[in-house]
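These notes are about the structure you will find just below.
The values are calculated or read from the model by the stated rules, or taken from the named source; none is laboratory data. Values in this document were obtained by computation on a predicted structure and should not be read as measured data. No Cβ is skipped: glycine too gets one built from the backbone with ideal geometry, and neighbour counts run over all protein chains shown.
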Amino acid sequence: MPSKPRNRVGEVYGQLLVVRASERRTKSGNAFWWCRCSCGREREVPSDKLSHNTARKKPVVMACLVCSRELQVEAVCAKNDREERRRRLESERIRAELKGTVPERWLSLPLTDAHARERGELLFFRGTRCLRNHLAPYRINGGCLACAGQMPSA
Ligand SMILES: [Zn+2]
Ligand SMILES: [Zn+2]
């Protein structure tokens, strides 16, 4: 006999307020709860997904399906921003070391593909070598200039 679930009505999880019990049960006998999101939509959530412990491995539900998707998109954007910042810092560091060994002009090119797009330019120079070991600027979408036989003159 599964024990009677703890009454969660009135509890708040992220953007969700538990509003009433559901008749639905998970395969393992967990109760579902109807929750109202701060946007007004309702979502049925199994009790094992309602937790304040966001550090645990099991995903927790903090919003309705629509808002969850938006939160996910925001998280991906934030992660991409962090990675892009890291790429630019790395590029700056490598380029500083290459100073004097590559054409000066390369060192004023954008730092990364995304940086070039931001500046409306076609070339960027990260200071990294291509698979064929060229040290050369890259074209956005196009890869290594030396590979493409378009090595610019210094
Ligand atoms: Zn919502
Ligand atoms: Zn190459």
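Quick notes
- Residues that are within 16 Å of ligand 2 (Cβ to nearest atom) and either not small (Gly, Ala, Ser) or not in a loop (DSSP other than H, G, I, E, B) (or both), drawn from the stretch 104-132: 106, 109, 113, 123, 124, 125, 126, 128, 129, 130, 131, 132
- Some residue of the stretch 137-152 being within 16 Å of residue 94 (Cα to Cα) and either in the same structural domain as residue 85 (by TED's automatic domain parsing) or within 11 Å of ligand 2 (Cβ to nearest atom) (or both): yes
- When 23, 74, 11 are checked against the criterion of being more than 27 Å from the chain's Cα centre (by Cα) and exposed (fewer than 11 other Cβ atoms within 10 Å of the Cβ), a single residue qualifies: 23.
- No other residue among 88, 105 is surrounded by 13 or more Cβ atoms within 10 Å (Cβ to Cβ), touching a residue at least 24 places away in the same chain (Cβ under 8 Å) and touching a Pro at 6+ places or on another chain (Cβ under 8 Å) apart from 105.
- Residue ID - nearest to ligand 2 (Cβ to nearest atom), chosen from residues in the stretch 1-17 that are in contact with a strand residue (DSSP E or B) (Cβ under 8 Å, 6 or more places away or on another chain) and under 15 Å from residue 64 (Cβ atoms): 15
- Inter-residue pairs, beta-carbon under 6 Å, first under 16 Å from residue 149 (Cβ atoms) and in the stretch 121-137, second near ligand 2 (Cβ under 10 Å from one of its atoms) and outside any loop (DSSP other than H, G, I, E, B), 6+ apart: 130/144; 134/144; 135/129; 136/144
- If the condition is being within 20 Å of residue 67 (Cβ to Cβ) and among the charged types (D, E, K, R), then the stretch 18-47 contributes 20, 36, 41, 42, 43, 44.
- Residue list for the stretch 18-60, restricted to those being within 11 Å of ligand 1 (Cβ to nearest atom) and in contact with a strand residue (DSSP E or B) (Cβ under 7 Å, 6 or more places away or on another chain): 35, 36, 37, 42, 43
- Residue 53 meets the conditions (1) at positive phi; (2) loosely packed, with under 14 Cβ neighbours inside 10 Å; (3) not hydrophobic (A, V, I, L, M, F, W, C) in every case but one. The failed one is (1).
- Qualifying residue in the stretch 67-74 (condition: closer than 29 Å to residue 5 by Cβ and near ligand 1 (Cβ under 9 Å from one of its atoms)): yes
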